[in-house]
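Report on one structure; see the data block that follows.
The values are calculated or read from the model by the stated rules, or taken from the named source; none is laboratory data. A quick note: this is a predicted structure, and the numbers were derived from the prediction, not measured. All Cβ positions, even for glycine, are placed from backbone atoms using ideal geometry, and neighbour counts span all protein chains on display. The accessibility values were calculated without ligands, DNA or RNA, using every heavy atom of the protein model including side chains. Shrake-Rupley method; radii C 1.70, N 1.55, O 1.52, S 1.80 Å.
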Amino acid sequence: MSYKVNKEGYYGEFGGAFIPELMYPNIKELQDNYLRIINSKEFKEEFAHLLKDYVGRPSPLYYAERMSEHYNSKIYLKREDLNHTGAHKINNTVGQIILARALGKKRIIAETGAGQHGVATATVCALKGMPCVVYMGRVDVERQAPNVKKMRMLGAKVVTVDSGNKTLKDATNEAMRDWINHPEDTHYIIGSAVGPHPYPDMVTHFQSVISEEMRWQLMEQTGSELPTRVIACVGGGSNAAGAFYHFLDDTKVELIGVEAAGKGIHTKQSAATLAIGRPGVLHSARSYLMQTDDGQITEPYSISAGLDYPGIGPLHSHLYETGRAKYLAATDTEVLKAAFLLTRLEGIIPALESAHALAALDKIKMNPDDVNVVNISGRGDKDMETYLKYFDDEKYQTK
Amino acid sequence: MITNRINKLFQGDKKNILSVYFTAGYPKLDDTVPTIQGLEKHGVDLIEIGIPFSDPLADGPVIQGSSHIALQNGISVKCIFEQLKDIRKSVRIPLIVMGYLNPVISYGIEAFCKKCNEIGIDGMILPDLPLNEYNRSFKSFFEKYNLHNVLLITPETSEKRLHEIDDASTGFIYMVSTSSTTGAKKNVSDYSTEYFQRVNNMKLKNRRLIGFGISNHKTFDNACKYAQGAIIGSAFVKAVSQEGTLDEKIEKFVKSIK
């Protein structure tokens, strides 16, 4: 069984490049050149240098002693929250900005939901002195105001999107429309492992530094490169793809993705695409989608803006269908509880997204000798307003 | 070999072919059939029936808006097929279905093609279905149910790919005037005619219609100099959004173009 993308851009039955002819030259250029560029000596050197000295990698793998005691199993946290700009998103934007320059592009566009990818893109554009336009739905602009200000301070132009439901999906549509209207000089930095081939593979490649580091860090700390299981949250799925990647062929390692159940997968307010969706085509790839019987895309809901996406990357659809990875869903309530627990036991305030991965610890049967690695994809600074809203309610505290 | 009303339309030297796109279920849910009948009555040669989609990637604000309202009106693929079931009792000109892939996949690719054939649809334009994916999983059904797959070319399409698309096309080629989403403010006469000339000189086997940015008599006329005709979408959708009866709006619009 192969879990790698094939030449046509497919993971099993998922992926591909369902692009309008208007996007063909840009996508073809990427497809024909990305492997050559990212495997070149110059690229590898600059990428390694920036990840180390600019992003601050390697990110620590931290043995969480009090969490381990609480769950009576060994819990390790991969600290992507300690990266520059506060999340794993920067791994991808650093890779893509170097690629964009190698392709001779002069202008960068991006979409963002919670604003983390927007900030990470604006950051690398400042670093390289490139003009940057970030598309963001009006709803997200309003609920993630600090990130909007950060992007502006970094020199990016933030375009408020009023089409559709005014969230991440619509921001992605608008970024793709921008690309159609600027076919010559623009590179589109997609923020997750979604979109047409080669984006899912490219983004996974840049994020795979997460599992590459996990292997040697586990070796140092546990005497084995392989954990019992790796747990990561999944929206589009880039941090999970990066955390799973170097374990895909080690089938003994359990891989667990955690989707946002929102108010519950049996309610209409959920973003758990694999739990409630079915395959279709959105944003130029075939994957699982949340949709009506008529094939219209439905609006997702999650307490975390970063998981508020009605699709999922094609790699995850493939891992789901083949059974290589398991996918669970955590509700808003479970997520808040998990976030408050980590904060109190370890002094780490996780992003709401990452707290979905932590919530899975209550759903999995773990043995005392198991080595569980949880990917803390981002920090919780951006979510303080939400956390404070629920903090005083005992319902969310673990006794 | 796919042959139907589209081949007949492009037979011989017919010039100034006017193709009009409209959004099914817009402005009112039940306007689909009267719009088709009105367009034929007032002299349109070919009609593109737009199937609304929640995420119309290649469309600008006008068609995004009409799609959104049509969906709010309650339109669906099933509903459109129901509305169109007797359309061939009253309409003779070629009809094309235009939409995005997901509703087609959701309905079932073969079931969708079969239904189109039963109704008397002559072709499909699916902007997010590129040639390789068409060949991979759609072509056999299009052929089985006698539907032309209308492919797009743009100013950025390479010569090699133009030939590939020409070889794969059976009805006509949709020549996008400019690298943009639909309803762009620029109009055709603003462009260098270099692209139109270049493609003209290639002696492709398929006939072409020029679309995107055609909005009035002047732009239609200019496009017709370089192709067999032209396609109007956003400008028509805007026209039916105005006050007045549907038939009057259609008559006034078609007269203003031809």
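Let's see if you can work this out: charge +1 on each Lys and Arg Cβ, -1 on each Asp and Glu Cβ, no other charges. What is the dipole magnitude of the stretch B:15-160 about its Cα centre, in debye to the nearest 20?
On the way: 14 positive and 17 negative charges, 87 e Å.
Rounded to the nearest 20 debye, it is 420 debye.
For chain B, the calculated P(r), taken from all Cα-Cα distances in 10 Å bins from zero up to the bin holding the longest distance, is 7, 33, 40, 18, 1 percent.
Figure legend: label point modelled 7 angstrom from the Cα of A:R36 along Cα→Cβ; residues of the stretch A:102-124 with amide N under 19 Å from it are A:102-106.
Other residues whose C-beta falls under 13 angstrom from the C-beta of A:K74 contribute a net charge of -2, scoring Lys and Arg +1 and Asp and Glu -1. Dividing the mean sequence gap of close Cα pairs (under 8 Å, 6+ apart) by how many residues the stretch B:15-257 holds gives a relative contact order of 23 percent. For the protein assembly as shown, the solvent-accessible area works out to 38 Å² per residue, with a probe of 1.4 Å and every protein chain left in place.
What does the average come to when, for each residue of peptide B:51-63, you count the partner chain Cβ atoms lying within 10 Å of its Cβ? Intermediate values should be presented prior to the final figure.
Working: counts 2, 2, 5, 15, 12, 4, 14, 9, 4, 4, 3, 0, 0.
Averaged over the peptide's residues, the number is 6.
Each Lys or Arg adds one and each Asp or Glu takes one away; over the other residues whose Cβ falls under 14 Å from the Cβ of B:I125, this sums to -4. Over all pairs of different C-alpha atoms, the stretch A:332-383 has a mean inverse distance whose reciprocal, the Kirkwood radius, equals 11.3 Å.
Scattering from the protein assembly as shown was approximated by placing one identical point on each alpha carbon and applying the Debye formula without solvent; log10 I(q)/I(0) at 0.07, 0.08, 0.11 1/Å stands at -0.47, -0.60, -1.05.
Note that the stretch A:160-300 shows a convex hull volume over its alpha carbon atoms of 147 Å³ per residue.
Working ranking of peptides A:356-367, A:224-235 by packing, defined as the average number of other Cβ atoms within 10 Å per residue, highest first, is A:224-235, A:356-367.
Taking all protein chains as present, what is the carbon and sulfur share of the accessible area of the stretch A:205-277, in % to the nearest whole number, probe 1.4 Å?
48 percent
Look at the stretch A:279-286: the mean tally of other chain Cβ atoms within 10 Å of its residues' Cβ atoms is 5.
Among the listed pairs A:K326/A:K395; A:K150/A:K337; B:K115/B:K160; A:K128/A:K382; A:K263/B:K85; A:K7/B:K115, which are separated by more than 31 Å between their Cα atoms? Show your work: numbers first, answer last.
Working: A:K326/A:K395 28 Å; A:K150/A:K337 29 Å; B:K115/B:K160 35 Å; A:K128/A:K382 25 Å; A:K263/B:K85 41 Å; A:K7/B:K115 34 Å.
Result: B:K115/B:K160; A:K263/B:K85; A:K7/B:K115 exceed 31 Å.
Considering every alpha-carbon pair of the stretch A:47-108, the percent of pairs per 10 Å bin, from zero through the bin containing the longest distance, is 21, 35, 24, 13, 6, 1.
Shape summary of the stretch B:51-131, radius of gyration then Dmax from alpha carbon positions: 12.8, 34 Å. Summing Lys and Arg as +1 and Asp and Glu as -1 over all other residues whose Cβ lies under 14 Å from the Cβ of B:K14 gives a net charge of +4. Of all aspartates and glutamates in the structure, the ones whose alpha carbon falls short of 18 Å from that of B:K249, not counting any fewer than 8 places away in one chain, are B:D30, B:D31, B:E40, B:D45, B:E48. Considering only A:G323, A:G380, A:G191, the Gaussian network model of chain A with Cα springs below 10 Å gives its largest mean-square fluctuation to A:G323.
Other chains near B:147-156: what is the mean number of their Cβ atoms within 10 Å of each residue's Cβ?
Working: counts 0, 0, 0, 0, 1, 4, 3, 8, 3, 9.
Rounded to a whole number, the mean comes out at 3.
Put simply, when B:52-61, B:227-236 are sorted by average Cβ atoms within 10 angstrom per residue, most first, you get B:227-236, B:52-61.
Using just its DSSP H runs of length 4 or more, each adding -39500 (n - 2.57), the protein assembly as shown gives a mean residue ellipticity at 222 nm of -12000 deg cm²/dmol after division by all residues.
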